[in-house]
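Novice: One structure is given below, represented as structure tokens, and several questions about it will come after.
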Amino acid sequence: MKKLVKGNEAVVIGALVAGCDAYYGYPITPASEIAHAASEYFLPLGKVFVQAECEIGAINMVFGSSSSGQRVLTASSGPGISLKMEGISYLAGAQLPCVIVNVQRVGPGLGNIGPEQSDYFQVVKGGGHGDYRNIVLAPASVEETYRMTIEAFDLADKWRTPVFLLTDATLGQMMEPIDICEEPTQRADKPWALDAKASSNDNLVTSIYLDFDDMESHIGGLHEKYRQITETEARADVYGAAVPEIVLTGYGITGRMLHSAVDELEKRGIAATLIRPQTLWPFPSKVYQDTVKPGVPVLSVELSRGQFIEDVRLSLPGHQVKWFGRVGGNLPELGELVEQAEKCLEEASNV
Amino acid sequence: MSKVFEKSPAFFDTFERKPSMQKTTHYCPGCGHGIIGKIIADQLAELGLQDQAIFVGPVGCGVFIYYYFESSAVSSAHGRASAVATGVSRANPDAVTISYQGDGDLAAIGTSNAIHAANRGENMIVFFVNNNIYGMTGGQLAPTTLIDQVATTAPYGRSIKNDGFPLRMAEMMAGLEAPTLVARVGVNNPRNIRQATKVIKKGLEIQRDKKGYAFIEILSQCPTNWKKEPKEACEWIDEVVSKQYPFGVFKDLTEEREAVERPCKRVEFAEVAKQLGLVETAASDSKQLEMAHDEMHFKFAGFGGQGVLSLGMMLAQMSMQRNMEVTWLPSYGPEVRGGVANSSVVVSKTPIGTPVVDNPNVLVALNRPSLEKFGPLVPEDGLIVYNSSLIDQIPADLKCKVYALPATDLASTVGTVKAANVVVLGFIARKTGMFELADLEVFLCETFKKPALQEVNLKAVNAGWQAAGNL
């Protein structure tokens, strides 16, 4: 059943299809439609919806609900995610599954409500205190936003970890059709969850381990889990020429624009390939290593001044990777991307 | 001989959640926490609520509350216990949710979360242990520290000028409408302990009966950080502390309150589909739209309020129903300023890359700034429709076919200027050859359910359609 919806609404529909039980959030542009849709649909279905007093309140309600075994969703944009970071560290430490959406806007500070991808470090590299990781999914269309939301709940349950969906103002506000039908989801058994019955009296959800050795072993356990996630969950969409003269890379809305750039370059007789990571953590480094041959120039595009590119460079040690991007709420024009790619190719051939 | 004192069955026999010294508590000698825990445990056991209880621990001396109670428990971030308890309570409507918080946790860093949980009337009981000092972190100033009382961050005593007044939380909570029970009790002598026991029992009964929010402030002695002997600390509560924080029941609506049920349901997909308004439609017309290009780019621009966003949405919706790939993107950033709004629509036979429209095949400009801004970007084989009711002068640098459509005037004659966007819809549907008039009429009847709206929009679309035939 096709429905034309905004990316933000697609999150809520995906959550409902995944059997999400509760939404806790605080209003912020450009993420507010997620709260609007959640309140519209969750309450009549007898699900939990609370507009919290603050972002910190919202993420801690998520903590409480997730401790109780619920599938829980919250969403915000950069400034709100900054406030949530303490709670996200606790969720990671206590190994609580939940889905957090960041509809990126422009920063730092109040910035503006246009699209940017400048929360990459914040979301992908941590943001909160301590030695933890979150799975980060990066959709590039409304349909993928919907699909990845469903998947995010399964991943969160499977690995007992918070999962981020990293979108942006463009993806959140734009409308595209999504195809909604019943989807199989893997809701995990949660024998560890808090419950109002005797069988759960021994259950304790915590992130504190006073004994140093206990804490070291807890952190070791987390990182063994992260190693397994890195081995199994990293993925990227690869599109374009089998033997590229140039590789373009970007995630989310930028990746999608580069998809058009690959087509345009092909029309001009240039074989280009796009690598669009669908998971930002774990980062699909192997896809880069398999796709990018020595000497082939790489153009990395993002709506920030060089965050995403660090992971591209880490994936391709010794390789020349060129940055291009726009910030402040601006999106690059297709012509601009093609021009940058041609320039990058020309520079490489002059070396 | 009958037993008059024993360890509560609501406590663990051995404190196995504690890493060491599992037979003793972590509290200092003479601390009030142990007495408070004993009262809560006894009352949970007496009311048979131990298995229903879920403890939410704070950060502070109460952080390890879960060492002792044989109930499920969660430890929260500093100040957030009431928010975490909100999530616990909503997820477990049958639980007795217990938030156990100290004065730094509840009255300083977590005041907002505490007050809002109270104001929502969450089904939870909050034990607010007020010993007017930060215990765990080493005797710093609390919001509840008394005037002139010395703390490690108030070495010269609390000064009103520097630190403000001691905060009376129970009185603040009692000022809210939602709480069912608000009281302040003490555990510094047998008489106060008896009173505290009565109030705590009542608070737990409220939880059992789901009658909403209970807030019990407990003045507790902290000999260690007060630098007093335990006996002296108990006496100081009566002589000094309780003068600032008087004992009493400030609010009790137990009798008149009804149970508050908050649903927490899991539902089948069918119910979700119904709520989303999804309807199984008959297999839609598999014939795709006829278009001048395999992918068409549209830009609809005008003043905010002229319906340029919904115009784009209608085109996208109709194209989707004809099995086309579509994207709709509203204007953003600097374009929003100056009252110019626009939406970009891409309609394509194949999956769409960028949703951004730089060079539209079709531009609809409902005001002059948008014609000036986007007109020159339309390529030679494109078309521009501008609203000649509002635009009297067109830019010189337009390269393509330009149509002057008096959209506002035509809309006005059918009944409302608000329908100008539907006039345009009729016009471009005919000019691009994408839709038949009948398609438009069916779509508008599905979109506008109210007969009056339906009528005016049908007239508007017809007016646009006719105009396209004449121009």
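Novice: What is chain A by shape, rounded, prolate or oblate, if you read a ≥ b ≥ c off the alpha carbon gyration tensor as root eigenvalues and call it rounded for a/c under 1.5, prolate for a/b larger than b/c, and oblate otherwise? Display every interim value, and only then the final one.
Specialist: Numbers: a/c = 2.04, a/b = 1.56, b/c = 1.30.
It comes out prolate by the Cα gyration axes.
Novice: Please average, across the residues of B:258-269, the number of beta carbons from any other chain that are within 10 Å of each residue's own beta carbon, and give a whole number.
Specialist: Numbers: counts 0, 0, 0, 0, 3, 5, 8, 6, 9, 6, 2, 7.
Mean number of neighbouring Cβ atoms from other chains: 4.
Novice: Just which residues of the stretch B:52-80 lose 40 Å² or more accessible area with every protein chain there, against their chain alone, with the probe set to 1.4 Å?
Specialist: B:F64, B:Y66, B:S72, B:A73, B:V74, B:S75, B:A77, B:R80
Novice: Taking a ≥ b ≥ c as the square roots of the eigenvalues of the Cα gyration tensor of the stretch A:218-341, is the shape rounded (a/c under 1.5), prolate (a/b larger than b/c) or oblate? Before the final figure, lay out the partial values.
Specialist: Details: a/c = 2.18, a/b = 1.63, b/c = 1.34.
Prolate shape, in that a/c is at least 1.5 and a/b is the bigger ratio.
Novice: Residues of the stretch A:24-58 losing 40 Å² or more of accessible surface, assembly versus chain alone, probe 1.4 Å, please list them.
Specialist: Residues shielded by partner chains are A:Y41, A:L45, A:G46, A:K47, A:V48, A:V50, A:E53.
Novice: Same structure again: Given a 1.4 Å probe and heavy atoms of the protein chains only, how would you sort B:F303, A:F283, largest accessible area at the top?
Specialist: B:F303, A:F283
Novice: Another one. Under a point spin-label approximation (7 Å from Cα along Cα-to-Cβ), what is the B:K231-A:H223 distance to one decimal in nm?
Specialist: 5.4 nm
Novice: Can you tell me how the stretch A:104-146 classifies by the Cα gyration tensor, rounded, prolate or oblate, using a/c under 1.5 as the rounded cut?
Specialist: Since a/c reaches 1.5 but b/c is at least a/b, the shape of the stretch A:104-146 is classed as oblate.
Novice: Same structure again: Full extension from B:Y156 to B:T137: what is 0.36 nm times the residue separation minus their Cα-Cα distance, to one decimal in nm?
Specialist: On the way: separation 19, 0.36 × 19 = 6.84 nm, distance 1.89 nm.
Extra length from B:Y156 to B:T137 when fully extended: 5.0 nm.
Novice: So what are the ³J(HN,Hα) numbers for the stretch B:389-395, from phi and the Karplus equation (6.51, -1.76, 1.60; θ = phi - 60°), rounded to whole Hz, Gly and Pro as x?
Specialist: Calculated HN-Hα couplings, in order: 5, 10, 10, 9, 9, 10, x Hz.
Novice: Let me have the relative contact order for the stretch B:295-470, percent, based on Cα pairs under 8 Å that are six or more residues apart.
Specialist: Working: 356 pairs, mean separation 32.2, N = 176.
Result for the stretch B:295-470 is 18 percent.
Novice: Roughly what angle does helix A:78-93 make with the longest principal axis of chain A, taking Cα atoms, 0 to 90 degrees, to the nearest 10?
Specialist: Helix A:78-93 sits at roughly 60 degrees to that axis.
Novice: Helix B:420-432 sits at what angle to the longest principal axis of chain B, using alpha carbons and giving 0 to 90 degrees rounded to 10?
Specialist: With both axes taken from Cα atoms, the answer is about 50 degrees.
Novice: Would you kindly derive the ³J(HN,Hα) couplings of the stretch B:256-269 from the backbone phi angles with the Karplus curve 6.51 cos²θ - 1.76 cosθ + 1.60 (θ = phi - 60°), listing them in order in whole Hz, with x for Gly and Pro?
Specialist: 8, 7, 9, 5, 10, 9, 10, x, 8, 10, 9, 10, 6, 4
Novice: If you roll a 1.4 Å probe over the protein assembly as shown with all protein chains in place, what percent of the accessible area is carbon or sulfur?
Specialist: Working: 16900 of 32070 Å².
Taking all protein chains in place, the protein assembly as shown shows 53 percent carbon and sulfur surface.
Novice: Within the stretch B:399-434, find all residues whose amide N lies under 13 Å from a label point positioned 7 Å from the Cα of B:Q454 along Cα-to-beta-carbon.
Specialist: Within reach of a label on B:Q454: no residues.
Novice: Between A and B, buried accessible area summed over both sides at probe 1.4 Å, in Å² to the nearest 100? If you can, show how the numbers build up before the last one.
Specialist: Values: alone 14950 and 22770 Å², together 32070 Å².
Roughly 5700 Å² of accessible surface disappears when A and B pair.
Novice: Hey, got the average number of other protein chain Cβ atoms within 10 angstrom for residues in A:252-260?
Specialist: On the way: counts 0, 3, 1, 1, 7, 4, 2, 4, 6.
What the average comes to for A:252-260 is 3.
Novice: List the residues of the stretch B:344-360 that lose 20 Å² or more of accessible area once all protein chains are present, compared with their chain alone (1.4 Å probe, heavy atoms only, no ligands or nucleic acids).
Specialist: B:G353, B:T354, B:P355, B:V356, B:D358
Novice: Given an 8 Å cut-off on Cα distances and at least 6 residues of separation, report the relative contact order of the stretch B:33-252 as a percent. Don't skip to the answer; put the middle values down first.
Specialist: Details: 461 pairs, mean separation 42.0, N = 220.
Relative CO of the stretch B:33-252 lands at 19 percent.
Novice: What's the tally of Lys pairs in the stretch A:2-233 whose alpha-carbon atoms lie under 20 angstrom apart, where the two lysines are 8 or more places apart or on different chains? Let's see the in-between values first.
Specialist: Values: A:K47/A:K190; A:K84/A:K125; A:K125/A:K225; A:K158/A:K190; A:K158/A:K225; A:K190/A:K225.
Close lysine pairs found across the stretch A:2-233: 6.
Novice: Mind giving me the FRET efficiency for B:A404 and A:L110? R0 is 41 Å, r the Cβ-Cβ distance, nearest 0.05 is fine. All intermediate terms of the calculation are to be shown ahead of the outcome.
Specialist: On the way: r = 43 Å, r/R0 = 1.04.
Once the sixth-power term is evaluated, E becomes 0.45.
Novice: Which whole-Hz ³J(HN,Hα) couplings does the stretch A:140-148 yield from phi under the Karplus relation 6.51 cos²θ - 1.76 cosθ + 1.60, θ = phi - 60°, glycine and proline marked x?
Specialist: After applying 6.51 cos²θ - 1.76 cosθ + 1.60, I find 10, 8, 5, 4, 5, 4, 4, 4, 5 Hz.
Novice: Right, something else. I want to verify the translational diffusion coefficient of chain B in µm²/s; compute it with Stokes-Einstein, Rh as the Kirkwood radius over Cα pairs, at 10 °C and 1.306 mPa s. Numbers along the way, then the final one.
Specialist: Working: Rh = 27.7 Å.
My calculation gives 57 µm²/s for D.
Novice: Residues of A:190-201, mean number of Cβ from any other protein chain within 10 Å of their own Cβ, rounded to a whole number?
Specialist: Values: counts 0, 0, 1, 4, 13, 8, 15, 6, 6, 2, 7, 11.
Taking all residues of A:190-201 together, the mean is 6.
Novice: Using a 1.4 Å probe, what is the accessible area per residue for the protein assembly as shown, in Å²?
Specialist: Details: 32070 Å² over 822 residues.
With all protein chains present, the protein assembly as shown gives 39 Å² per residue.
Novice: If you count, for each residue, the other Cβ atoms within 10 Å and average over each peptide, how do B:317-325, B:24-32, B:208-216, B:5-13 line up from highest to lowest?
Specialist: Output ranking for B:317-325, B:24-32, B:208-216, B:5-13: B:208-216, B:317-325, B:24-32, B:5-13.
The values are calculated or read from the model by the stated rules, or taken from the named source; none is laboratory data. The model shown is predicted, which means the values in this text are computed figures rather than measured ones. Neighbour counts run over all protein chains shown; Cβ positions are idealised from the backbone, glycine included. All accessible areas refer to the heavy atoms of the entire protein, side chains included, with ligands and DNA or RNA removed. Shrake-Rupley method; radii C 1.70, N 1.55, O 1.52, S 1.80 Å.
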